[in-house]
Amino acid sequence: MNALLHFLPQVWFVVLALFLFLYVILDGFDLGVGILSLTSSNEERRSLLMTSLGNVWDANETWLVVMGGALFGAFPLAYGTILSALYIPIFIMIFGLIFRAVAFEFREHSQRKLFWNLAFGIGSFMAALGQGFALGSVIEGIAVDGAGHFIGSSWDWLDWRSLLVALTLIQGYVLIGSTYLILKTEGDLQKTHFQTAKLAAITTLIGAVLITIVTPVFYEAVRTRLFSPPLLYIFITIPLLGLLLVGLLLRSLIQQEERTPFVWTILIFLLTFIGLGLIIFPYIIPTQITIYQAAAAPSALVFMIIFVGFLIPIMIFYNIYQYVVFRGKVAGSAYDH
């Protein structure tokens with residue numbers, strides 16, 4: 001029974017990490033394209049960017065809903081504590097997602113598109129910013145009492161370290177959005193996003209390096225874990241692999257390859273997730289609440305595994321089918337402008 005009590009929370013930690021990774025990759029390029037739409041030079045180019053998302057972006061956000069539900073069911077204590085601590089950044093994220101969804105639909109039927117264009121881009125930026133602040137605050141740690149309940153203030157999430165994480169995440173979204181647009185466009189528009197991808201790759205790398213340096217310097221618990229074997233060797237290996245992947249990404253962008261930049265970007269995100277997971281585990285709220293303390297009853301976890309075991313393959317198959325059906329370039333005269 002003790003083995004089961006330890007095994008089930010670990011399974012759900014991995015499942016939640018999978019949901020979060022799929023959301024960040026899939027809705028990440030959505031948000032990145034939305035942010036990039038603010039820099040489009042004309043309405044035709046902006047329309048092509050919106051068209052590239054039209055048939056896929058609704059399904060991408062499904063993973064956020066599933067992740068929220070799974071967190072509530074598997075780790076209810078963490079769910080309540082995180083929402084109490086991060087009410088404002090989560091509200092910013094939700095408001096941004098709603099704002100961009102409304103703007104996407106209204107823009108299609110509007111004669112004057114300027115307001116809805118700005119609403120879509122700003123909503124995308126707000127959603128990414130809220131997610132970045134939430135991530136930074138969770139990494140930094142949330143103030144809780146002995147029972148695991150939040151005891152901090154509503155503004156604990158707002159400091160320069162969480163701002164650094166938020167800005168880096170935004171650049172990461174712009175990077176994956178740019179590499180997605182390289183796949184979906186051609187001509188001058190594609191060349192533009194080769195340039196935005198190069199710039200975003202460099203700024204994301206700078207942010208990642210700063211976070212890698214700042215985190216062990218300012219957080220003693222993280223520093224103690226990172227500089228103790230075996231995490232010490234992993235801590236050395238992951239940044240080196242990250243630099244290698246960034247180098248391969250930049251080379252593929254310089255050579256103007258279409259497919260490989262998106263692949264390298266996904267691998268960079270995956271490597272980052274693995275590193276974060278190893279640093280955080282076994283905590284669900286570093287360094288206060290472990291997955292074992294926050295886990296629901298074993299019967300609930302088993303029931304959810306059975307249910308989600310059917311759900312995950314269906315959702316993944318639907319996503320794959322969707323991208324296969326809507327593969328290929330978006331067409332328009334803006335390529336020549």
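The values are calculated or read from the model by the stated rules, or taken from the named source; none is laboratory data. Every value quoted in this text rests on a predicted model; they were computed, and no experiment measured them. Here the Cβ is made from the backbone with ideal geometry for all residues, glycine too, and neighbour counts use every protein chain on show. Heads up: the accessible areas ignore ligands, DNA and RNA and are worked out on the full protein's heavy atoms, side chains in. Shrake-Rupley method; radii C 1.70, N 1.55, O 1.52, S 1.80 Å.
For this structure, a couple of remarks:
- Carbon plus sulfur fraction of accessible area for segment 1-107, probe 1.4 Å, in percent: 75
- Sequence-distant contacts, meaning Cα pairs under 8 Å at least 6 residues apart, place the relative contact order of segment 138-221 at 29 percent.
- Looking at segment 201-301, the accessible area is 54 square angstrom per residue; that uses a 1.4 Å probe and ignores ligands, DNA and RNA.
- Segment 187-301 - percent of accessible surface contributed by carbon and sulfur, probe 1.4 Å: 72
- L278-A297 pseudo-label distance in nm [points 7 Å out on the Cα-to-Cβ vector]: 3.8
- The loop-placed trypsin sites (Lys or Arg not before Pro) in segment 17-125, going by DSSP, that have at most 14 neighbouring Cβ atoms within 10 Å of their Cβ come out as R112.
- With a Cα cut-off of under 22 Å and a minimum spacing of 8 residues unless on different chains, the lysine pairs in the chain number 4.
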